[in-house]
Amino acid sequence: MTALDRSFDRLACVEPSFHVTRPGFGSLDVDGHAVECALDSDDWVRLWAHIDGSEPDLIQRQSRIPLPVKILTGPALIAEMPLTDSLASTFLILRSAMHRGLAVLASCAPESVHDEPADTDVTARLESLVNGSEFTWERTADHIVTRDRRATIVGRACGTSVVFGTSVVHVGSWGSRSMEALTHFALAANARLRFVRTTITGDRLAHEVALPAAVLTASLVNHAVASVSAALHLTKRACAALANRNIAEQYLEFHTHGKDNHADTHS
C-alpha cells in the first residue's frame with residue numbers, strides 16, 4: 001500500500017466537508033451529523049457518529065441496514081471494514097453506509113430490508129465469489145451455507161447487499177431482565193468484535209457481517225466467515241448464560257456500576 005493510497009489529505013477531494021484533525025484521524029459531515037474517521041495502524045477504516053434514540057430500539061433495528069454498520073453504547077453508529085483498494089475507495093464505501101444507516105434509523109417505517117427480494121445479479125455474484133473462497137458451500141433455494149468449526153454460517157443476497165450470519169441463541173421465552181442484559185451484551189460485543197455485528201431480531205440473537213455486493217471479493221468472504229465463526233466461539237456460552245435471571249441481574253449490576261472502570265469505546 002503506497003503512502004498516497006493512505007493519505008488523509010486526499011479525502012477532501014472526494015468529500016468537501018472532510019478535514020484532518022490529527023495524524024490518522026479526521027472529521028466530516030454526513031446528513032447534518034458530525035462524523036469522525038480513523039485509519040488504524042493495522043489498516044482498518046472506521047467512521048462513527050453519536051446518534052439519538054433508545055439503545056434497545058436501535059440494536060433491534062440495525063439488521064434493517066445490510067451494510068457494515070452497527071450500534072454501540074452512546075448510542076453511536078459505527079461503520080468499519082478493512083482497507084480495500086485505497087483509503088479513498090474504502091472511505092466512500094463507509095460514508096455511503098453511514099448515510100444509509102442514519103436514514104434508516106431515523107425512519108419509523110416498519111419494513112425490513114431483509115424482506116427485499118434478492119437482486120439476481122447479486123445472487124449470481126455471490127455464488128461466483130464463494131467458489132473462490134476457502135470454504136465449501138451448499139446451495140439451497142434462497143441462500144448458501146458453510147460450516148467452520150462448529151458454526152453454521154448462512155450467506156444471503158439481500159437487495160444489493162450480501163449478509164453472512166449465524167444464530168447464537170434463541171430468546172423467544174426469555175424474561176425482561178434477561179433481554180435487558182442481552183441488549184447490553186450485544187452493545188458491548190459490537191464495540192469489541194471487529195467487522196461482526198451482534199443483532200437481536202425476532203426470537204434470536206445473531207452475529208453477522210453485511211457488505212454491499214459491489215465490493216465483495218473472495219478475500220472479504222473469507223474474512224466475513226472467519227469473523228462470524230470466531231464471534232460465535234467467543235460469545236455463545238456467555239449469551240446462553242444470560243437466560244438465567246440471577247446471572248442476568250449480576251451482569252446488569254456490573255454493566256451499570258462497573259462500565260466506567262472497564263470502558264471499551266472507539267473514540
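The values are calculated or read from the model by the stated rules, or taken from the named source; none is laboratory data. What you see is a predicted model, and the numbers here were worked out from it, not measured in a lab. Cβ coordinates were reconstructed from backbone atoms using ideal geometry, including for glycine residues, and neighbour counts include every protein chain displayed.
Before moving on, here are some points about what is shown:
- Of all residues in region 41-49, none are in a loop (DSSP other than H, G, I, E, B), hydroxyl-bearing (Ser, Thr, Tyr) and modelled with pLDDT of 95 or more.
- Under the condition of being in a helix (DSSP H, G or I), touching a Ser or Thr at 6+ places or on another chain (Cβ under 8 Å) and under 22 Å from Asp148 (Cα atoms), the residues counted in region 187-212 number 2.
- Residues satisfying the stated conditions in region 196-227, i.e. at positive phi and crowded, with 24+ Cβ neighbours inside 10 Å: none
- Val35 passes every criterion in (1) assigned to a strand (DSSP E or B); (2) within 16 Å of Val209 (Cα to Cα) apart from (2).
- Selected residue (criterion: modelled with the highest pLDDT) from residues of region 132-156 that are surrounded by fewer than 12 Cβ atoms within 10 Å (Cβ to Cβ) and assigned to a loop (DSSP other than H, G, I, E, B): Thr136
Okay, residues lined up against (1) basic (Lys, Arg); (2) in contact with a Phe, Trp or Tyr (Cβ under 8 Å, 6 or more places away or on another chain); (3) closer than 29 Å to Asn131 by Cβ:
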site	(1), (2), (3)
Ser176	no, no, no
Leu182	no, yes, no
Ala206	no, no, yes
Val228	no, yes, yes
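- The listed residues are Gly155, Gly132, Gly159, Gly172, and the only one of them that is more than 22 Å from Arg100 (Cβ to Cβ) and touching a helix residue (DSSP H, G or I) at 6+ places or on another chain (Cβ under 8 Å) turns out to be Gly132.
- Filtered residues of region 69-106 (kept if in a loop (DSSP other than H, G, I, E, B) and under 19 Å from Ala188 (Cβ atoms)): Thr73, Gly74, Pro75
- Residues (touching a strand residue (DSSP E or B) at 6+ places or on another chain (Cβ under 7 Å) and modelled with pLDDT of 90 or more) located in region 13-26: Glu15, Ser17, Phe18, His19, Val20, Thr21, Phe25, Gly26
- Selection status of Arg6, modelled with pLDDT under 95, surrounded by 15 or more Cβ atoms within 10 Å (Cβ to Cβ), part of a helix (DSSP H, G or I) and not hydroxyl-bearing (Ser, Thr, Tyr): no
- Of everything listed in (1) among the aliphatic types (A, V, I, L, M); (2) in contact with a helix residue (DSSP H, G or I) (Cβ under 7 Å, 6 or more places away or on another chain); (3) at pLDDT 95 or above, the single unmet condition for Ile59 is (3).
- Pick from region 9-53, criterion hydrophobic (A, V, I, L, M, F, W, C) and over 16 Å from His99 (Cβ atoms), ranking: surrounded by the most Cβ atoms within 10 Å (Cβ to Cβ): Leu39
- Picking from residues in region 170-186 that are polar (S, T, N, Q) and part of a helix (DSSP H, G or I), the one that is farthest from the chain's Cα centre (by Cα) is Ser176.
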